[in-house]
1. Enter the accessible area per residue of the chain (Å², integer; probe 1.4 Å; all protein chains in place).
2. So, counting K/R as plus one and D/E as minus one, what does the shell of residues with Cβ under 12 Å around His70 add up to?
3. Whats the longest run of the chain with zero chymotrypsin sites (Phe, Trp or Tyr not before Pro) that are DSSP loop and have at most 13 other Cβ atoms within 10 Å?
4. Which of rounded, prolate, oblate describes the chain, given a ≥ b ≥ c as roots of the alpha-carbon gyration tensor eigenvalues and a/c under 1.5 marking rounded, otherwise prolate only if a/b is larger than b/c?
5. Out of the total accessible area of the chain (probe 1.4 Å, heavy atoms of protein only), what percent is carbon and sulfur?
6. If you stretched the chain out fully between Arg58 and Lys40, how much longer would it get, using 0.36 nm times the residue separation minus the C-alpha to C-alpha distance?
7. Give me the one-decimal nm value for the distance between modelled label points at Lys48 and Asp15, 7 Å along each residue's Cα-to-Cβ direction.
8. Rounding to the nearest 20 debye, state how big the charge dipole of the chain is about its Cα centre with +1 on each Lys and Arg Cβ and -1 on each Asp and Glu Cβ.
Amino acid sequence: MLLISCPFCGPRSEDEFAFGGDATLDTQKEDSSTELFADKLFLRANPKGWHKELWTHRYGCRRWLIIERHTVTHQIRSVSLATAISH
């Protein structure tokens, strides 16, 4: 089980959080076709290593967070408020 350090509520069990997806996925561009958008959304690489993810603290402060987690060890390197996602 993961222990996630919420910047507002302190360390909490992962049971209080809900996974929200890839924090590095850029879905803002409207100039691509439906097929290109679907490929970008569903046909992505799944590399091992550090990855930024969106999580919401659903049973706490209810804020959206960006959690940088290692996909193999599940070690958490950073947790920050998801105000503006930078790539």
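1. For the chain, the per-residue accessible area is 71 Å².
2. In short, +2.
3. Answer - 9-58.
4. Cα axes put the chain in the prolate bin.
5. Looking at the chain in its full context, I get 52 percent from C and S.
6. Taking Arg58 through Lys40 to full extension adds about 3.7 nm, to one decimal.
7. If labels sit at Lys48 and Asp15, their model points lie 3.1 nm apart.
8. Here the size comes out at about 340 debye.
The values are calculated or read from the model by the stated rules, or taken from the named source; none is laboratory data. Note that this is a predicted model, so its numbers are computed, not measured. Positions of Cβ are backbone-derived with ideal geometry, glycine not excepted, and every protein chain shown enters the neighbour counts. SASA here: full protein model, heavy atoms, side chains in, ligands and nucleic acids out. Shrake-Rupley method; radii C 1.70, N 1.55, O 1.52, S 1.80 Å.
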